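Quick note: the coordinates plus some simple rules give every number you see, no bench work behind them. The shown structure was predicted, so the numbers you read here are calculated from the model rather than taken from an experiment. Heads up, the Cβs are rebuilt from the backbone with ideal geometry, glycines too, and the neighbour counts pull from every protein chain shown.
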Amino acid sequence: MTDIEKMRAVHFIGIGGIGVSAIARMMLSVGKQVSGSDRSESFVTKELSKLGVTIALKHSSKNIPENADCVVFTNALTKDNPELRAARKKNIPVLSYPEMLGIVSEGTYTIAISGTHGKTTTTAMIAKVLKDGGLDPTVVVGSLLKSGSNFVAGNSKYFVVEADEYKKAFLHLHPNILVINNIDEDHLDYYKDLADIQDAFGMLAQRVPADGFVVCDTQNPHIAPVLKELSYSIVDYPMYMLQNVKLQVAGEHNRMNAAAAYAVGKILGIGEDSIEKSLSRFEGTWRRFEYKGKMESGALVYDDYAHNPQKVRAALQGAREKFPNKRITVVFQPHLYSRTKLLLSAFAQAFTAANHVIIAPIYAAREMPDPTISGEILANAIRDMRGEAVYVEEFDEIVSHIQKTAGKDDVVIAMGAGDVYKIGEALVQQ
């Protein structure tokens, strides 16, 4: 059953995922019965439970309700998942999260925000610009907005959505406006190389209709090959860089994100004063250089989701811009063995804006351990490049180390896509 209007009950496998949970919220907002499962409890699952969602904290064939009309699953799921097998055995329609997102995208005016980094912040900025401009969009974003949700239910034709390149998930979308922030090497456990990634972005651009728009930096050499022989209008977003508006989020990368949001606002006819006021009041999103609080010593603690070399470099340069005279300590948890191994050299060069680098063990996520790469190997590579980095095996040891070394003139950033945020939380709580 792929007609959302006919669905009465939808079950989500991996409901704690930031994307999957947004669709679960969307289904709740239109009166569907929603259930789900995940491996462990999280802030996201707790918030969904408060809304009345039944969530099992273990994958089991028994989790699927008898009246389920559709099962939606995260892309991170293994093929032998018992709930997937049970749903198929019962002939319940099964959709991946990207497939479900594509169904939602059909029939809307879709503004899709793509790029190997900066998607979430740009999506949130565009959502705010449209909302403040009176366009009342529906929004799915890959993080939590200041409202505490990753979903905004709108009442207009506009659908603002983060377009994920992993496994070409974004090719299910139907973009009328496509933002391409940037294209760099990432997800090399799936893509062969940069050219392969560019090919996927080119396929996405071809889905934009003739009366649509692609918003990008036309001078970016990684983007230029994607734009060949296409019929839509191209909007060069660097021409919208804010000159007289001070952003609350620091860094050149955020000024570029804001320029892309400005360009989208202009395309949709929103007034310049409204766009500028909206962007000046944008406060950021969850886990994007998010301020967590102060340590007893007076050190400031931040949390950031950066997990590839470009994101790490941009986040740390933004931190250095905001705190030019403070000592910056970054605790980085590498995400995936494959990413760390294939991008080792780039990672080694990404930490130049920090004063002190602590590397935690690799967060495996969906991968099996690879003995040829480790957090210690990364720490050694960083040390060879900049002369200072340490590897620490346990989170408790990292917390203890920072408590002994971070004073009132320090900024501590817990960085990575895994569970490294727990270190920042522990530092603030203690």
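One table, with the values for the structure above:
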item	result
Straight-distance crosslink candidates among lysines, where the alpha carbon sits under 24 Å from Lys168 and sequence neighbours closer than 8 are dropped	Lys79, Lys119, Lys192, Lys228, Lys311, Lys341
Share, in percent, of DSSP beta bridges within the chain that are antiparallel, nearest 5	10
Proximal aspartates and glutamates relative to Lys6, as straight alpha-carbon distance under 15 Å, when same-chain residues fewer than 8 apart are discounted	Asp69
MRE, 222 nm, helices only [DSSP H, n ≥ 4, -39500 (n - 2.57), over the chain, to nearest 500]	-10000 deg cm²/dmol
GNM result for the chain, Cα springs below 10 Å: residue of Thr285, Thr340, Thr352 fluctuating most strongly	Thr352
Set of lysines near Lys62 by C-alpha distance (under 16 Å), chain-local residues within fewer than 8 positions excluded	Lys89, Lys90
Cβ crowding within 10 Å averaged over residues, with 37-47, 67-77 ranked highest first	67-77, 37-47
Separation between Cα centres of the stretch 219-239 and the stretch 133-173, rounded to whole Å	23
